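The values are calculated or read from the model by the stated rules, or taken from the named source; none is laboratory data. Because the structure is a prediction, the values reported are computed rather than measured. Neighbour counts are summed over all protein chains in view; Cβ atoms, including those assigned to glycine, are modelled from backbone coordinates with ideal geometry. When the accessible area is computed, the model is the full protein with side chains, heavy atoms only, and any ligands, DNA or RNA have been set aside. Shrake-Rupley method; radii C 1.70, N 1.55, O 1.52, S 1.80 Å.
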Amino acid sequence: MIWNEAKECMARADIEALQSARLKKLVDRVYHNVEYYRKKMQAVGLEPMDIQGIQDIEKLPFTTNEDLNQAYPLGLLAVPRSEIIRIHATSGTTGKPKIGAYTRRDVDIWAEGVARCMTMAGVTREDTVLVSYGYGLFTGGLGAHYGAEKIGAMVIPVSTGNTQKLITMLIDFQATVIACTPSYLLHIAETLEKENKVDQINLKCCICGAEPWTDEMRSQIEQRLHIKAYDIYGLTEMMGPGVANDCEAHAGLHIWEDHFLPEIVDPATGAHVAPGETGELVITTLTKEGLPLIRYRTRDLTSLAYDTCSCGRTMARIQRFKGRTDDMLIIKGVNVFPTQVEAALLTIDGTTPHYLMVVDRVDNQDTLEVQIEVEERFFSDEIRGLETLAGKVRAVLKTAIGLNARVKLVEPDTLEHSQGKTKHVIDKRKLYA
Amino acid sequence: MYVKQLSVFLENREGRLEEALKILKDNEINIISLSLADTSDFGLLRLIVSDPDKAKQVLKEGHFSSQVGDIIAIRISHAVGSLSQVLGSVTEADINIEYMYTLSVGIEGASLALKTSDLEKTIEVIREQSVHIYTQAELG
Ligand SMILES: [Zn+2]
């Protein structure tokens, strides 16, 4: 099913013409309305007329995290403050929060984006959608909520924090769709299994996002809950969830190119990479009124595919995320992403172990310890059996990341379990102190 | 002819053994025999208790991983060589002894818990020896 076929299946030439026209208008608008952007453009001797279409995009300076910090909270506002009807923000645990400031039209376009994504996952007005992203400053809850309402589905705004309540609503209302983070959904699956309630639910699919997840996690979710899992992508500073989503072909996340212009650049040089190659995803918001972003460095590493998808959509597909430019750990000179470790651990017996990576530096040598909870399925009444388990973990990690990790088996429920984002890394090295 | 053994995974952290035992005591589960095997990182507590399934349940609620499995419990005489004779007959039958430990039960002779690669065959072999094979009821 396709929500907006006229846009989602546009011919490539038409997409590019639309993007060029919108980019021109956008540059003109920010140059005249946002001092911060105007100064950045002037600093490189750029005037609005220099940008005649998407072929000129590389002339424009990037917008980075640093720019957002400087302009916090509303320094990049491109409309009078009275036009803004809503604010969202990230938790800002590692700096200033990232802000979303929406005009009425921004909120509408956001809902349109999420509606396209949810329709891609098969959601219709007949469905009952349980939204278990946090409601509030976080974009997840209200973003999913408005999109599902736009489709006309029955929305249950459970939010996060109370798994028992969620399970009650899930069963009593026979919800057919759940929107939450993948790690929280696995926690829900675990709870349902413990309580022997898996056969009482009526879910057909989930729309998961807000954190990186692996194919293994997807198949976990699909098998344990007997549902189809879809991946939704977005960032608060771009608008929230609904920027891109994967279709039934699971061949990447279709990004709404009529609203977002994606590029892939080399994170070190900022130059475009060759078509199909991996680099940092850079996005320009083509239609956002409140807080438009010009060439925003997302710090997500991925590539783009432009061929027409088997689902019929022509919108480019963001390929599997390879990590974050800033999540990347460098251990003994090796680039390690927590997602790689997770993927490796899941190969052990096809399920998600709870794990924690502890990186430290002892006598100027980096060390990696991976703690694994000994859940019932890993149990052995023989010392040798448990040592074999630890050995297996060491072996799959060695293959996946090329490092010798110390594996420590820990008792169940000792690692921090999340009701949302999970903490999987402790870096004790204080490299930047 | 098997006896249920409860094995509990313990991290080598202070107080974990006491914590596990306290949970059993608070739930009025009798410990008939206890043995601890450990490495530098973790330990395995092997118990014969009055109600192994309940024990597993209450331990799970207390965030311990445990497992209930079968072992063979035997009593052999104190006569010289009787242990090696019994074990010899088992290994001669191509059965692997995975682990064994002494049981703190019985008055005369020595009592042992035995986990092998093939419990059924082990019973057949040791039946021919002059050993007593405990039933669960005798221990519980
Ligand atoms: Zn598709």
key: Residue check for A:Leu293: more than 14 Å from chain B (Cβ to nearest Cβ) and within 16 Å of the ligand (Cβ to nearest atom)   = no
task = Would you please name the residue that is farthest from the chain's Cα centre (by Cα), looking only at residues in the stretch B:31-51 that are touching a residue at least 40 places away in the same chain (Cβ under 8 Å) and away from every other protein chain (no Cβ under 12 Å)?
result = B:Ser50
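Residue-by-condition table, conditions (1) in the same structural domain as B:Ser7 (by TED's automatic domain parsing); (2) open to solvent by less than 50 Å² (accessible area, probe 1.4 Å); (3) modelled with pLDDT of 90 or more:
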{"position": "B:Asp41", "(1), (2), (3)": "yes, yes, no"}
{"position": "B:Leu47", "(1), (2), (3)": "yes, yes, yes"}
{"position": "B:Ala79", "(1), (2), (3)": "no, no, no"}
{"position": "B:Ala93", "(1), (2), (3)": "no, yes, yes"}
{"position": "B:Lys115", "(1), (2), (3)": "no, yes, yes"}
key: Top-ranked residue of the stretch A:76-119 - restricted to ones that are in contact (Cβ under 8 Å) with a residue 40 or more places away in the chain and part of a loop (DSSP other than H, G, I, E, B), ranked as nearest to the chain's Cα centre (by Cα)   = A:Thr90
task = Look at A:Asp307 and say whether it is within 15 Å of the ligand (Cβ to nearest atom), free of Cβ contacts under 8 Å to residues at least 40 places away in the same chain and on the phi < 0 side of the Ramachandran plot.
result = yes
task = Please tell me if A:Glu47 is touching a Phe, Trp or Tyr at 6+ places or on another chain (Cβ under 9 Å), open to solvent by 60 Å² or more (accessible area, probe 1.4 Å) and either assigned by TED's automatic domain parsing to the domain that holds A:Asp258 or of a type in the set (Gly, Ala, Ser) (or both).
result = yes
Unmet requirement for B:Ile74, which otherwise passes all of (1) touching a Leu at 6+ places or on another chain (Cβ under 7 Å); (2) modelled with pLDDT of 95 or more = (2)
query = In this structure, does A:Ile232 turn out to be in contact with a strand residue (DSSP E or B) (Cβ under 7 Å, 6 or more places away or on another chain) and within 16 Å of the ligand (Cβ to nearest atom)?
reply = yes
query = Which of the following residues is surrounded by 23 or more Cβ atoms within 10 Å (Cβ to Cβ) and of a type in the set (Gly, Ala, Ser): A:Gly270, A:Gly209?
reply = A:Gly209
inquiry  = Looking for something within 24 Å of A:Gly134 (Cα to Cα), under 12 Å from the mean Cα position of the chain (by Cα), at pLDDT below 95 and open to solvent by less than 20 Å² (accessible area, probe 1.4 Å) - is there at least one such residue anywhere in the stretch A:253-264?
reply    = no
task = Within the stretch B:66-75, identify whether any single residue is more than 30 Å from A:Thr191 (Cα to Cα) and surrounded by fewer than 16 Cβ atoms within 10 Å (Cβ to Cβ), and answer yes or no.
result = no
task = Could you tell me whether A:Gly75 is in the same structural domain as A:Ala316 (by TED's automatic domain parsing), within 16 Å of the ligand (Cβ to nearest atom) and either surrounded by fewer than 19 Cβ atoms within 10 Å (Cβ to Cβ) or closer than 29 Å to A:Lys165 by Cβ (or both)?
result = no
task = Working only within the stretch A:310-330, note down all residues that are basic (Lys, Arg) and either within 13 Å of the ligand (Cβ to nearest atom) or out of contact with any Phe, Trp or Tyr (no Cβ under 9 Å at 6 or more places or on another chain) (or both).
result = A:Arg313, A:Arg317, A:Arg320
ask   = For the stretch A:19-32, does any single residue satisfy the condition of being in the same structural domain as A:Ala121 (by TED's automatic domain parsing), farther than 29 Å from A:Ala271 by Cβ and touching a helix residue (DSSP H, G or I) at 6+ places or on another chain (Cβ under 6 Å)?
value = no
task = State all residues of the stretch A:243-267 that are touching a strand residue (DSSP E or B) at 6+ places or on another chain (Cβ under 7 Å) and within 16 Å of the ligand (Cβ to nearest atom); if no residue qualifies, say none.
result = A:Val243, A:Ala244, A:Asn245, A:Asp246, A:Cys247, A:Ala251, A:Gly252, A:Leu253, A:His254, A:Ile255, A:Trp256, A:Pro262
message = Whether any residue in the stretch A:270-281 is within 16 Å of the ligand (Cβ to nearest atom), farther than 26 Å from A:Met357 by Cβ, modelled with pLDDT of 95 or more and not assigned by TED's automatic domain parsing to the domain that holds A:Met357 is what I want to check.
response = no
request  = For the stretch B:58-65, state whether one or more residues are over 30 Å from A:Glu195 (Cβ atoms) and either surrounded by fewer than 18 Cβ atoms within 10 Å (Cβ to Cβ) or within 11 Å of another protein chain (Cβ to nearest Cβ) (or both).
outcome  = no
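Residues that are open to solvent by 60 Å² or more (accessible area, probe 1.4 Å) and under 24 Å from A:Arg105 (Cβ atoms), at least 1 per element: which helices (runs of 4 or more DSSP H) completely within the stretch A:126-204 meet that?
Hits in the stretch A:126-204: A:139-151.
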